[in-house]
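Read the structure below first, then the notes.
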Amino acid sequence: MVSKIPNSGTSIFTIMSQMSAEHGAINLAQGFPDFELDPQLLDLVAHYVKKGANQYAPMAGLPALQKGIAAMVMDCYERPVTTASITITSGATEALYAAITAVVNLGDEVLVLDPSYDSYRPAIQLNGGIPISIPLEGTDFHMPWEAIRKAINSKTKLMVINTPHNPTGTTLSKNDFEELNRLMKEHPNLYLISDEVYEHIVYDGNTHWTAHWLDCAAKRVCVTNSFGKTFHATGWKMGYAIAGEHWTNEIRKIHQFLTFSVNTPIQHALADYLSEAERYTNIGKDYQLRRDAFVKAIEGSRFTLLPCQGTYFQLLSYKKIADKNDKEMAEWLTVEHQIASIPISVFYDEPTDVSLLRFCFAKNVTTIQDAGKILCKI
């Protein structure tokens, strides 16, 4: 058998989590919370399980949940979307895969901004596309607009963006979206996927600028989101894609042969849970407390904090501590100091080592404080 993605191996998240377990380390590597869900949401799930909502949901998603999402988009962004544009998927990763598969054909080029989430490139390659990697610029990882424009040619079919950004914790600004709006107008055949799974996790009173506001949003934009991230239930694998009618029709053709439909009682529970806007609008405030607790916990350490504007990830530079490459440093911290992180180089197509590690602070405050004590001793 010839592999279709020969350069893809075991995920770094799996590797570091396994190492963490083997060495009894605090796992700040994989992006999953270690605190409980809202009991009201759990009660809703139990209610619908007991009520008998345990068979297949409609392929495109439960209508009540689609309506709840449409109401949330209107509430947050004042953009009207119809249920016909919303597809419920098995996590945002499936939404991304289906959206990429729907638009990318053999030989199409796709712009990917590095560092980037590790599912983008394999999905592009499996569909015969060619990922064109463009590094984000500077120590603040800002958008390389000049490089993006130079990279676009007659073969360029799609660009993938991510805000708030994993792994850097940065967010795109109003100016970035104004520039993106101009770019999409200049290239009327260019499609855009905006990965916004951390949309509700932004800090310091900042606005989440969304691709829903682009002029071409109704036709050439697909926004992917995740209830797993929003409500810290990553194991539920509940995501969704919002796109124009034509793109959505193609996404659904693919979705029906990937999973057909996703968890029925959880869809019912989420539909009810979305009825109170505070349940998603207050998420960022909770995570900001955890971010601030992490920042306080490592005061006095030799690590250097990079700004974290969104997501639940914090980048730390270890340049003042060691001259190891980031994979070696992550392994050393796990084995010798019992704290696991993710090396940033794995998020690049080309080998890139900027002496940065990603730590997940979606944890109980006690976990964060324990991690801080370890990091301050290094």
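The values are calculated or read from the model by the stated rules, or taken from the named source; none is laboratory data. The model shown is predicted, which means the values in this text are computed figures rather than measured ones. We place every Cβ from the backbone using ideal geometry, glycine too, and count neighbours over all the protein chains shown.
From the set of residues in the stretch 228-261 that are among the hydrophobic types (A, V, I, L, M, F, W, C) and over 17 Å from the mean Cα position of the chain (by Cα), which is surrounded by the fewest Cβ atoms within 10 Å (Cβ to Cβ)? My answer is PHE257.
Listed by first and then second residue, the pairs linking a residue in the stretch 208-221 that is in the same structural domain as GLU245 (by TED's automatic domain parsing) to a residue that is in a helix (DSSP H, G or I) and hydroxyl-bearing (Ser, Thr, Tyr), with Cβ atoms under 8 Å apart and 6 or more places separating them unless they lie on different chains, are THR210/TYR77; HIS212/TYR77; TRP213/TYR77. Here the condition is being over 22 Å from the mean Cα position of the chain (by Cα), of a type outside the set (Gly, Ala, Ser) and closer than 24 Å to GLU109 by Cβ; of ARG182, ARG220, it holds for ARG182 alone. When you look at ILE368, is it crowded, with 23+ Cβ neighbours inside 10 Å and either assigned by TED's automatic domain parsing to the domain that holds ASP114 or of a type in the set (Val, Ile, Thr) (or both), yes or no? Judged against the criteria, ILE368 is a match.
Candidates ALA84, ALA95, ALA71, ALA57: the one that is under 20 Å from ASN225 (Cα atoms), out of contact with any helix residue (DSSP H, G or I) (no Cβ under 9 Å at 6 or more places or on another chain) and modelled with pLDDT of 95 or more is ALA71.
When the helices (runs of 4 or more DSSP H) confined to the stretch 186-264 are screened for residues that are within 27 Å of VAL295 (Cα to Cα), those reaching at least 2 such residues are found at 227-230. The set of residues from the stretch 107-133 being surrounded by fewer than 16 Cβ atoms within 10 Å (Cβ to Cβ) and in contact (Cβ under 8 Å) with a residue 60 or more places away in the chain comprises just one member, LEU126.
When the criteria are applied in full, VAL354 fails the requirement of being in a helix (DSSP H, G or I) and in contact (Cβ under 8 Å) with a residue 12 or more places away in the chain. Out of the stretch 302-343, which residues are assigned to a helix (DSSP H, G or I) and either in contact with a Pro (Cβ under 6 Å, 6 or more places away or on another chain) or surrounded by fewer than 17 Cβ atoms within 10 Å (Cβ to Cβ) (or both)? Hits for the stretch 302-343 are ASP326, LYS327, GLU328, ALA330, TRP332, VAL335, GLU336, HIS337. Total residues in the stretch 136-169 satisfying the condition of being under 26 Å from ALA102 (Cβ atoms) and charged (D, E, K, R): the figure is 3.
Let's see how each residue does on (1) surrounded by fewer than 16 Cβ atoms within 10 Å (Cβ to Cβ); (2) outside the structural domain of THR82 (by TED's automatic domain parsing); (3) touching a helix residue (DSSP H, G or I) at 6+ places or on another chain (Cβ under 9 Å); (4) touching a residue at least 12 places away in the same chain (Cβ under 8 Å):
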{"position": "PRO135", "(1), (2), (3), (4)": "no, no, yes, yes"}
{"position": "LYS155", "(1), (2), (3), (4)": "yes, no, no, yes"}
{"position": "THR170", "(1), (2), (3), (4)": "no, no, no, yes"}
{"position": "ASN175", "(1), (2), (3), (4)": "yes, no, no, no"}
{"position": "GLU196", "(1), (2), (3), (4)": "no, no, yes, yes"}
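The residue that is nearest to the chain's Cα centre (by Cα), among those in the stretch 193-217 that are polar (S, T, N, Q) and over 14 Å from MET72 (Cα atoms), is SER194. If the condition is being out of contact with any strand residue (DSSP E or B) (no Cβ under 7 Å at 6 or more places or on another chain), touching a residue at least 24 places away in the same chain (Cβ under 8 Å) and in a helix (DSSP H, G or I), then the stretch 271-288 contributes ALA271, ASP272, TYR273, ARG279, TYR280, THR281, ILE283, TYR287, GLN288.
With respect to the stated conditions, ILE100 fails to be out of contact with any Pro (no Cβ under 9 Å at 6 or more places or on another chain), β-branched (Val, Ile, Thr), modelled with pLDDT of 95 or more and more than 28 Å from ALA60 (Cα to Cα).
Scanning the stretch 259-292 for residues that are closer than 18 Å to THR89 by Cβ and hydrophobic (A, V, I, L, M, F, W, C) yields PHE260, VAL262, ILE266, ALA269, LEU270, ALA271, LEU274. Has the stretch 32-52 got at least one residue that is closer than 14 Å to ALA330 by Cβ, outside any loop (DSSP other than H, G, I, E, B), within 25 Å of the chain's Cα centre (by Cα) and free of Cβ contacts under 8 Å to residues at least 60 places away in the same chain? No, there is no match, as no residue in the stretch 32-52 is closer than 14 Å to ALA330 by Cβ, outside any loop (DSSP other than H, G, I, E, B), within 25 Å of the chain's Cα centre (by Cα) and free of Cβ contacts under 8 Å to residues at least 60 places away in the same chain.
The residue of the stretch 262-294 that is surrounded by the most Cβ atoms within 10 Å (Cβ to Cβ), among those that are more than 27 Å from LEU305 (Cβ to Cβ) and small (Gly, Ala, Ser), is ALA269.
In the same structural domain as HIS208 (by TED's automatic domain parsing) and over 21 Å from the mean Cα position of the chain (by Cα): which single residue out of ASP75, ASP118, ASP140, ASP114 fits that description? Checking each option against the conditions leaves just ASP75. Screening the stretch 329-378 for residues that are within 16 Å of PHE303 (Cβ to Cβ) and among the hydroxyl-bearing types (Ser, Thr, Tyr) and picking the one that is nearest to the chain's Cα centre (by Cα) gives SER341.
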